[in-house]
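Here is the structure we will look at.
The values are calculated or read from the model by the stated rules, or taken from the named source; none is laboratory data. All values reported here derive from a predicted model rather than from experimental measurement. Positions of Cβ are generated from backbone atoms using ideal geometry, with glycine treated the same way; all protein chains shown enter the neighbour counts. SASA here: full protein model, heavy atoms, side chains in, ligands and nucleic acids out. Shrake-Rupley method; radii C 1.70, N 1.55, O 1.52, S 1.80 Å.
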Amino acid sequence: KKKTNDVQFFTEVVDASVALDAARRSVYDPDELDEEQRERALRKKLNELFKDFCKRLEKAARTNDTPIEFDIPYRDLGFHGVPHREMVLLQPTVHCLVNLTETPFFVLVLDDVEHVHFERCTLRAKNFDAIFIKKDHDLPTMAVNAIPMQELDAIQDWLTDMNITYTAGPASLTWNTVMQAVRADTTFYDSTDEDGEAKPAGWQFLQADAEDQADDDGGDDEDEDYDEEDAEEDEDESDDSDEDFDEDDDDDDDDDDDDDEEDEEDAMDWDEMEEQAEAEDRAKRKGERSEEFGSSKKIARR
């Protein structure tokens, strides 16, 4: 027979589907209120029966020297994520991380988990992915995607309480390639490599890679700051050159103004020009009179 690792006993408390074609009922419909009360009573009764079933099964297991312990999920520690194809509520227990309400079910035994790596952890991201790496490196990793970013601190606290290490990085990794490199590294858990050179021990290389990427991003920021400073200096230089140009223009304008003032000082006003014109007219009339007087003398002599 095939071995089974995860066994689930469940019973439906309420109908999994509701007929929407049914006639609408009022909120104050007494039949609907009675139905809700019956559902609550049935749920309470089934919970008591399931609890009694667990106790009987544990007692029978102890009798056969096969201890069985039933685990109860902690709803307060639950968080939403996508382990398969749809968003579900994942709830931690003492020994597992489970989702038992939606199919396919998700069960992860925490004793099999060696390390957890959080992908796409950036300041601008709204959600991130959690990769669960198992102690048996030949087994594939298990991923829970699209976890809301506000759940990160609570999940990290929960992993710390469970003594499970974790790292975080901004990039998504190709885990088949990563696990192949881990399996091939004989000094994976050592702080030095085969040549005796220092290296991150164990899964700390994931954090080191994340820090290197952060440093690269910081270098880009420094380049941007440097470019901004250069731009500011260029603007200052251009402003200074503009100011010098403006001063030169002002000097030229001042020189032009001085020349205009000198020209204006050299130019005569209207009174002086009229006096000069009258003087020229008088001189011209005198010359004409002298010419007429000389011609009259010549005629008299003849």
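Which residues, taken from region 24-81, are out of contact with any Asp or Glu (no Cβ under 7 Å at 6 or more places or on another chain) and basic (Lys, Arg)?
24, 38, 40, 43, 44, 45, 51, 55, 56, 59, 62, 75
Can you name the residue in region 171-189 that is within 16 Å of residue 204 (Cα to Cα) and open to solvent by 80 Å² or more (accessible area, probe 1.4 Å) and, of all such residues, is modelled with the lowest pLDDT?
Looking at residues that are within 16 Å of residue 204 (Cα to Cα) and open to solvent by 80 Å² or more (accessible area, probe 1.4 Å), I get 186.
Taking region 115-126 as the region of interest, how many residues are of a type in the set (D, E, K, R), in contact (Cβ under 8 Å) with a residue 24 or more places away in the chain and surrounded by fewer than 20 Cβ atoms within 10 Å (Cβ to Cβ)?
Number satisfying all stated conditions: 1.
Taking the criterion of being modelled with pLDDT of 70 or more, surrounded by 11 or more Cβ atoms within 10 Å (Cβ to Cβ) and not polar (S, T, N, Q), would at least one residue in region 12-23 satisfy it?
No: zero hits.
Return the residue satisfying two criteria in turn: it lies in region 132-142 and is part of a strand (DSSP E or B) and closer than 19 Å to residue 205 by Cα, and of such residues it is most open to solvent (accessible area, probe 1.4 Å).
We begin by selecting, within region 132-142, every residue part of a strand (DSSP E or B); these are 132-134, 142.
This time we only want the ones that are closer than 19 Å to residue 205 by Cα, so: 132-134.
Details: 132: 9, 133: 1, 134: 44 Å².
For region 132-142, the residue satisfying everything is 134.
Could you list, in sequence order, the residues of region 143-168 that are among the hydroxyl-bearing types (Ser, Thr, Tyr) and either open to solvent by 40 Å² or more (accessible area, probe 1.4 Å) or at positive phi (or both)?
Narrowing region 143-168 to residues among the hydroxyl-bearing types (Ser, Thr, Tyr): 160, 165-167.
Selection gives 160, 165, 166.
If I ask for residues that are of a type outside the set (A, V, I, L, M, F, W, C), surrounded by 15 or more Cβ atoms within 10 Å (Cβ to Cβ) and farther than 17 Å from residue 142 by Cβ, which ones from region 76-105 would you list?
78
Scanning for something in contact with a Leu (Cβ under 8 Å, 6 or more places away or on another chain) and assigned to a loop (DSSP other than H, G, I, E, B), does region 79-86 turn up at least one residue?
The answer is yes; a qualifying residue exists.
Within region 121-175, can you find the residues that are among the hydroxyl-bearing types (Ser, Thr, Tyr) and closer than 19 Å to residue 94 by Cα?
160, 165, 166, listed by residue number.
Please find, within region 45-92, the residue that is modelled with the highest pLDDT out of those that are closer than 27 Å to residue 128 by Cα and of a type in the set (Phe, Trp, Tyr).
79
Exactly one condition in (1) closer than 29 Å to residue 202 by Cβ; (2) open to solvent by less than 30 Å² (accessible area, probe 1.4 Å) is not met by residue 61; state its number.
(1)
List the residue pairs whose Cβ atoms are under 8 Å apart, where the first residue sits in region 182-203 and is hydrophobic (A, V, I, L, M, F, W, C), the second is open to solvent by 50 Å² or more (accessible area, probe 1.4 Å) and part of a loop (DSSP other than H, G, I, E, B), and the two are 6 or more positions apart or on different chains.
198/191; 201/189; 201/190; 201/191
Would you mind stating whether residue 108 is outside any helix (DSSP H, G or I), hydrophobic (A, V, I, L, M, F, W, C) and either surrounded by fewer than 13 Cβ atoms within 10 Å (Cβ to Cβ) or under 46 Å from the mean Cα position of the chain (by Cα) (or both)?
It is true that residue 108 is outside any helix (DSSP H, G or I), hydrophobic (A, V, I, L, M, F, W, C) and either surrounded by fewer than 13 Cβ atoms within 10 Å (Cβ to Cβ) or under 46 Å from the mean Cα position of the chain (by Cα) (or both).
A quick yes/no check of all residues on (1) in contact (Cβ under 8 Å) with a residue 60 or more places away in the chain; (2) over 21 Å from residue 76 (Cα atoms); (3) among the polar types (S, T, N, Q):
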site: 134; (1), (2), (3): no, yes, no
site: 138; (1), (2), (3): no, yes, no
site: 142; (1), (2), (3): no, yes, no
site: 145; (1), (2), (3): yes, no, yes
site: 148; (1), (2), (3): yes, no, no
site: 157; (1), (2), (3): no, no, no
site: 160; (1), (2), (3): no, no, yes
site: 164; (1), (2), (3): no, no, no
site: 167; (1), (2), (3): no, yes, yes
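Against the definition (modelled with pLDDT of 95 or more and either open to solvent by 30 Å² or more (accessible area, probe 1.4 Å) or not aliphatic (A, V, I, L, M) (or both)), how does residue 129 come out, yes or no? Steps first, please.
Working: modelled with pLDDT of 95 or more: yes; either open to solvent by 30 Å² or more (accessible area, probe 1.4 Å) or not aliphatic (A, V, I, L, M) (or both): yes.
Here the answer is yes, as residue 129 does meet what is asked.
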